[in-house]
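The values are calculated or read from the model by the stated rules, or taken from the named source; none is laboratory data. All figures in this text were calculated on a predicted structure; none of them were measured in a lab. Here the Cβ positions follow ideal geometry from the backbone for every residue, glycine too, while neighbour counts run over all protein chains shown.
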Amino acid sequence: MPTRYKIVVYVPSSHAEAVRQSMGEAGAGRIGNYSHCTFTIKGTGRFKPLPGANPTIGSVGALEAVEEERIETVCEPDKLRAVLKAIRQTHPYEEPATDVYPIEVIE
């Protein structure tokens, strides 16, 4: 079993601080004696909502470009489900782009 997970989520800049805060409150970002540790890279997210989508930004069938932030953090295995739930509850998109990577911590 991995000793830790890295979580990456892409979020519109307008909602990035709220998502970071909710992830930290759910237990993400704990490194030693620090909590709420994250790293952010700004960029442009691009997508085209397909029929059946209910986009927060943009329109079905139209390409959209949004200023977004890539937020990276870590969490312990017992916190993973709570952190992913916090992301879904805070993120404005109906389908948040989220990646989870198992990592080994070598001490």
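Points to keep in mind about this one:
- Only one of the listed residues (G43, G27) is in contact with a helix residue (DSSP H, G or I) (Cβ under 7 Å, 6 or more places away or on another chain) and modelled with pLDDT of 95 or more. That residue is G27.
- Cβ-Cβ under 8 Å pairs, at least 6 apart or on other chains, segment 16-42 side within 17 Å of A97 (Cβ to Cβ), far side exposed (fewer than 13 other Cβ atoms within 10 Å of the Cβ): S22/Q89; K42/E67
- Flag if P51 is under 26 Å from A26 (Cβ atoms), at pLDDT 95 or above and assigned to a loop (DSSP other than H, G, I, E, B): no
- Scoring I41 on the criteria (1) surrounded by 12 or more Cβ atoms within 10 Å (Cβ to Cβ); (2) β-branched (V, I, T); (3) in a strand (DSSP E or B) leaves a single failure, condition (1).
- Identity of the residue in segment 57-99, among the β-branched types (V, I, T) and over 15 Å from T38 (Cβ atoms), that ends up farthest from the chain's Cα centre (by Cα): V60
- Scanning segment 79-100 for residues that are of a type in the set (K, R) and either in contact (Cβ under 8 Å) with a residue 12 or more places away in the chain or touching a strand residue (DSSP E or B) at 6+ places or on another chain (Cβ under 7 Å) (or both) returns K79, K85.
- Yes/no for V11 being over 11 Å from the mean Cα position of the chain (by Cα), modelled with pLDDT of 95 or more and part of a strand (DSSP E or B): no
- The set of residues from segment 14-38 being outside any helix (DSSP H, G or I) and either of a type outside the set (F, W, Y) or under 30 Å from L63 (Cβ atoms) (or both) comprises A26, G27, A28, G29, R30, I31, G32, N33, S35, H36, C37, T38.
- Conditions (1) of a type in the set (V, I, T); (2) at pLDDT below 95; (3) farther than 26 Å from G24 by Cα; number of the one not met by V60: (2)
- Segment 49-77, subset of a type in the set (D, E, K, R) and touching a residue at least 24 places away in the same chain (Cβ under 8 Å), residue surrounded by the fewest Cβ atoms within 10 Å (Cβ to Cβ): E67
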